[in-house]
Amino acid sequence: MARVLDLDGKKFGKWKVLERAENTNRGQSQWLCECTGCHRKIVVAGLNLMAGRSSGCQQCVKRLPEGEASFNGLLRQYKSDAKRNGRVFRLSRKLFRLLTSSPCHYCGTEPKRLWTRGDTWVTTNTMV
């Protein structure tokens, strides 16, 4: 059986751990946490705290600007494709944003707007 770390009093993002809560049905540790932004108390899985997957209640955690998550996904996909094809991806984030939101250099076609999950738009010059 794995040893459980004592997280009492520790902070993870906006969470402040108050005390140990009852384990999940699978035996995973959980902790009663208080959001330092709004003082809501919620039970959070210890694994999510330690891995950084939970950093505060949904009302207080800073949300990305509209379309930013989609842009991040597009950038991540380009980097992944480059790596898979043995290429080095050297574009800065700023230049990548400029290239994917500008008209095509060769034909002048405006970027297409693609609908993505989360009801956000992302503009891209990639072929659909």
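Each value in this text was obtained by applying a stated rule to the coordinates, not by laboratory testing. Here the structure is a predicted model, which means the values were calculated and not measured. With ideal geometry, Cβ positions are generated from the backbone for all residues, glycine too; neighbour counts draw on all protein chains shown.
For His39 and Arg26, calculate 0.36 nm times their separation in residues minus their Cα-Cα distance, and state this gained length in nm to one decimal.
That works out to 1.9 nm of additional length.
Once amide H atoms are placed 1.01 Å from N in the peptide plane, what residues at a sequence separation of 5 or more from Lys10, or on another chain, have their amide H within under 5 Å of its amide H?
Val17
What is the fewest-to-most order of Arg97, Arg53, Arg26 by other Cβ atoms lying within 10 Å of their Cβ?
In increasing order of surrounding Cβ atoms, one gets Arg26, Arg53, Arg97.
According to the Kirkwood expression over distinct Cα-Cα pairs, how big is the hydrodynamic radius of region 1-96, in Å?
The answer is 16.0 Å.
Work out how much length Ala69 to Leu47 would gain on full extension: take 0.36 nm times their residue separation and subtract the Cα-Cα distance, in nm to one decimal.
Full extension from Ala69 to Leu47 adds 5.5 nm.
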